[in-house]
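The structure appears right after this line, and notes come after that.
Rule-based calculations on the coordinates, nothing more; no lab input. All of these numbers come straight from a predicted model, not from anything done at the bench. Glycine gets a Cβ as well: all are built from the backbone with ideal geometry, and neighbour counts include every protein chain shown.
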Number of protein chains: 2
Amino acid sequence: MSADAVFLNACRGLPTARIPVWLMRQAGRYLPAYRELRRSYDLLTMIRTPELAAQVTLQPLAEFTLDAAIIFSDILPPLEGMGLELSFVSGKGPVIGNPIERSYDIDLLAAPPATEVMAPTLEAIRLVKHELKGRGTPLIGFAGAPFTLASYAVEGGGSRSYSRVKSLMYREPSAWKRLMTKLVTVQTDYLLRQVDAGADALQVFDSFVGLALGPDDYERYVAPYNRVLFAALVEREVPVIHYSGGTGAYLETVAASGGDVLSVDWRIALDEARRRVGKQRPIQGNLDPVAMLAPWRELRAHIDMVLAKAGAEPGYIFNLGQGLLPETPLDNVKRMVDYVQRYSPAETHKQPHTRTEEGA
Amino acid sequence: MSADAVFLNACRGLPTARIPVWLMRQAGRYLPAYRELRRSYDLLTMIRTPELAAQVTLQPLAEFTLDAAIIFSDILPPLEGMGLELSFVSGKGPVIGNPIERSYDIDLLAAPPATEVMAPTLEAIRLVKHELKGRGTPLIGFAGAPFTLASYAVEGGGSRSYSRVKSLMYREPSAWKRLMTKLVTVQTDYLLRQVDAGADALQVFDSFVGLALGPDDYERYVAPYNRVLFAALVEREVPVIHYSGGTGAYLETVAASGGDVLSVDWRIALDEARRRVGKQRPIQGNLDPVAMLAPWRELRAHIDMVLAKAGAEPGYIFNLGQGLLPETPLDNVKRMVDYVQRYSPAETHKQPHTRTEEGA
């Protein structure tokens with residue numbers, strides 16, 4: 001079975017000979033080759049230059065035998081096309097220079113097609129697909145979910161309480177509707193065009209939603225927009241992965257809002273996640289990214305636990321619960337990918353995974 | 001039934017005529033009387049001056065008909081007694097000037113009795129109890145849970161990834177054990193002495209644990225220490241409330257580690273929380289603190305949902321899912337307390353709560 005088939009079949013809930021593995025933020029700061037490039041270019045330049053974005057996308061594939069590539073970009077650049085000023089401030093993360101403060105600001109937001117704004121990323125997808133031809137590694141495109149983007153747009157960056165974005169939501173329901181509708185329009189177009197450019201699968205990142213919202217607010221203020229977004233993606237017939245952070249206590253509600261595969265963080269056990277969304281629903285995750293910083297013995301214990309709780313049912317993709325941290329040792333990534341790929345799902349009845357392996 | 005009986009009986013799972021209500025951070029920055037005092041004194045001075053701490057503790061009782069008072073303090077001052085340098089930086093929150101970096105730093109931590117370090121808070125408890133005599137309002141003492149304190153001590157303040165504290169945990173299990181054991185010693189002594197000083201109930205705050213850890217790490221690295229802490233508190237026979245943030249996907253594991261009452265954040269529905277911990281276990285929560293910033297109509301809808309999902313079983317205490325935000329309008333607090341206290345648990349079969357009330 002080619003790498004291509006392993007990942008895409010797992011996304012469709014089909015049996016696979018082994019468990020596919022890729023890693024959120026697998027292209028990025030923990031790789032020496034990436035850090036070398038970053039000495040010459042800033043982050044947004046790298047995202048906006050198709051050749052650089054393609055190069056960075058391929059870097060982890062040269063280091064590890066990953067079962068999928070993910071295009072190098074960020075969830076925030078589409079906001080620039082809408083009229084928001086984006087910058088990345090060292091040690092602080094992304095900053096929106098002109099965050100949304102009132103209803104009127106939402107009226108001024110544009111909803112331009114991705115071919116105008118996100119052309120470099122679409123071109124990077126074409127370049128990567130060309131490079132991957134014959135190699136069989138599928139390429140994942142991605143975008144932010146409307147709530148997580150709205151959070152950045154209103155808070156002006158990261159937030160602890162999400163009080164600005166939620167206050168807008170509570171105080172001005174019609175403004176909220178306009179904002180979320182515009183975001184759905186922009187993101188749907190962007191995701192569909194990524195498929196047209198060659199993406200074999202999509203991931204939608206709703207990183208903040210479960211940290212910010214309880215289940216009732218999710219159902220009322222977020223789910224209707226996610227449903228429209230995910231429904232529009234069905235026509236392209238590529239698997240769509242729905243990542244959400246902090247939603248362990250209402251994962252079934254998140255699952256009902258769409259996506260073929262549910263991708264979960266490390267705050268929920270995978271067997272519990274499986275139970276909540278139904279055993280037929282493919283699932284992805286959920287190694288704690290901080291465990292990747294641990295000595296191999298401890299990391300392996302975490303991997304074993306994830307594999308054991310994923311169970312033997314088809315439709316499981318190994319991944320982290322959130323992106324790789326910049327300080328992740330390369331050697332841990334290499335050993336982890338190798339370890340998971342040599343593991344057979346049929347072994348999961350042995351809990352924990354005790355098979356001997358070299359160098360353990 | 002006196003206010004005293006309403007709160008304490010609910011903590012013990014006994015039937016009450018109405019639902020008791022108090023609010024995390026009810027003494028603090030949203031109150032004009034508090035802000036007035038803060039013009040003359042900094043936060044740590046207010047905590048360390050028994051007369052000021054007592055005055056601030058009583059301020060919300062003059063404004064609202066709350067069913068319990070909570071002593072004005074913070075979870076971090078006990079760390080000062082252990083040798084860590086604590087300050088509160090405007091706009092940034094608490095900062096530890098000399099965070100724990102290596103195993104050796106843990107050896108240097110002292111574990112002094114609360115009578116030395118926390119004497120002002122113990123004295124403030126005695127002053128408040130004296131003031132409350134005849135009024136019947138119970139007083140809640142509190143302290144931080146070992147993981148949340150360890151997180152501050154190692155990260156040096158708030159954190160996004162908790163990568164330092166978790167790396168210590170993963171890399172140096174024996175150092176972790178020494179750190180958590182010292183914290184349990186200090187906090188147990190502090191909590192017991194709060195009861196000796198007059199506290200009628202205790203709350204243990206584990207605000208970060210569920211944001212940082214998945215269920216297996218919780219069980220392995222946190223639960224053993226929480227069990228020792230909660231077990232030691234049983235002898236004093238006051239109800240103990242166990243607050244944890246972000247643990248909705250494994251609340252039963254948290255519940256098994258101790259506490260009479262489970263206090264949950266807003267990221268889980270109360271009916272789901274009840275199901276997870278068992279209907280006999282008293283529960284507290286879980287209004288979203290950001291909903292307190294909303295117009296009354298929206299706030300009321302949130303309150304109705306919380307009340308409906310709390311159900312009609314005894315053993316429920318209305319509270320927020322996290323502390324009141326500084327920008328919370330006084331009027332919302334007043335209306336909310338009044339609304340909850342006029343609500344009868346027997347009405348919960350009407351979902352949502354549609355009883356007419358003045359000024360709605």
Tell me, rounded to the nearest percent, the portion of alpha carbon pairs in segment B:1-45 spaced more than 18 Å apart. 49 percent
To test your reading of the geometry: what angle, between 0 and 90 degrees and rounded to tens, separates the Cα axis of helix A:173-197 from the longest principal axis of chain A? 50 degrees
Between residue B:88 and residue A:237, the two model label points (7 Å from Cα along the beta-carbon direction) sit apart by a distance in nm of 6.2 nm
Which distances, shortest first and in nm, link residue B:12 to the matching position in the other copies, using label points set 7 Å out along Cα to C-beta? 6.3
So how strong a dipole does segment A:223-292 carry about its Cα centre when Lys and Arg Cβ are +1 and Asp and Glu Cβ are -1, to the nearest 20 debye? 160 debye
Quick one: pull the percentage of alpha-carbon pairs in segment B:3-349 with a separation above 37 Å. 12 percent
Counting other Cβ atoms within 10 Å, keep those with at most 10, restrict to DSSP loop, and tell me which trypsin sites (Lys or Arg not before Pro) in segment A:107-144 are left. A:133
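Other chains' Cβ within 10 Å of A:160-167 residues: what's the mean?
On the way: counts 3, 8, 2, 9, 2, 1, 6, 7.
Mean shielding count: 5.
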Largest-first semi-axes in Å of the equivalent ellipsoid built from the Cα gyration tensor of the protein assembly as shown are 44, 29, 24
Among A:141, A:97, A:115, whose Cα sits farthest toward the positive end of the charge dipole of segment A:97-144 (+1 at Cβ of Lys/Arg, -1 at Cβ of Asp/Glu, about the Cα centre)? A:141
What angle do you read, to the nearest 10 degrees and between 0 and 90, between the alpha-carbon axis of helix A:330-341 and the longest principal axis of chain A? 70 degrees
Which distances, in nm and shortest first, link the residue A:92 label point to the same label point in every other copy, taking 7 Å along Cα→Cβ? 1.3
Plugging the Cβ-Cβ distance of residue A:62 and residue A:344 into 1/(1 + (r/R0)^6) at R0 = 30 Å yields, to the nearest 0.05, a FRET efficiency of 0.70
Scan chain A and report its longest stretch carrying no GluC sites (Glu not before Pro) that are both in a DSSP loop and have at most 16 other Cβ atoms within 10 Å. A:102-236
Between segment B:1-77 and segment A:80-138, what's the alpha-carbon centroid distance in Å? 47 Å
If each label sits 7 angstrom from Cα along the C-beta direction, how far apart, in nm, is residue B:279 from its counterparts in the other copies? 2.8
Each residue of segment A:86-98 in turn: what ³J(HN,Hα) in whole Hz from Karplus with 6.51, -1.76, 1.60 and θ = phi - 60°, glycine and Pro shown as x? 10, 9, 10, 9, 3, x, 10, x, x, 10, 9, x, 10
Using the Cβ atoms and a cut-off under 13 Å, what net charge is assigned to the surroundings of residue A:208, where Lys and Arg are +1 and Asp and Glu are -1? +1
HN-Hα J in Hz across segment A:231-243 - Karplus 6.51, -1.76, 1.60, θ = phi - 60°, x for Gly and Pro: 4, 5, 7, 4, 4, 7, 6, 9, x, 10, 9, 10, 8
Once the convex hull of the alpha carbons of segment A:164-214 is built, what does its volume come to per residue, in cubic angstrom? 80 Å³
Counting only other chains, and only Cβ atoms inside 10 Å, what mean value do you get across the residues of B:244-257? 3
Inter-part gap, Cα centre of segment A:281-343 to Cα centre of segment B:221-270, in whole angstrom, is 29 Å
Which one of B:214, B:93, B:311 has the biggest mean-square fluctuation once chain B is modelled by GNM with Cα springs under 10 Å? B:93
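Among the listed pairs A:166/B:279; A:166/B:309; A:177/B:334; A:334/B:166; B:133/B:279; A:133/A:334, give every one whose C-alpha distance is greater than 28 Å.
A:166/B:279; A:177/B:334; B:133/B:279
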Other-chain or far-sequence residues with amide H under 5 Å of residue A:73's (modelled H): none
17 Å cut-off, amide nitrogen to a point 7 angstrom out along residue B:45 Cα→Cβ, residues in segment B:75-97: B:87-90
Coil-residue trypsin sites (Lys or Arg not before Pro) of segment B:217-284, DSSP, other Cβ within 10 Å capped at 15: B:279
When the charge dipole of segment B:3-349 is computed with +1 at the Cβ of Lys and Arg and -1 at the Cβ of Asp and Glu, the Cα pointing farthest to the positive end, of B:124, B:34, B:65, is that of B:65
Kirkwood radius from Cα pairs of segment A:229-330 plugged into Stokes-Einstein at 4 °C, 1.567 mPa s, gives D in µm²/s equal to 92 µm²/s
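As an exercise, take the mean of 1/r over every pair of distinct alpha carbons in segment A:1-136, invert it, and state the Kirkwood radius in angstroms.
16.9 Å
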Can you list residues whose amide H is under 5 Å from residue A:319's amide H, if they're 5+ apart or on another chain and H is modeled 1.01 Å from N? A:285, A:286, A:287
For chain B, the dipole about the Cα centre with charges only on Cβ (Lys and Arg +1, Asp and Glu -1), to the nearest 20 debye, works out at 420 debye
Average other protein chain Cβ within 10 Å of Cβ, residues A:267-276: 3
Can you sort A:169, B:24 from fewest to most other Cβ atoms within 10 Å of each residue's own Cβ? B:24, A:169
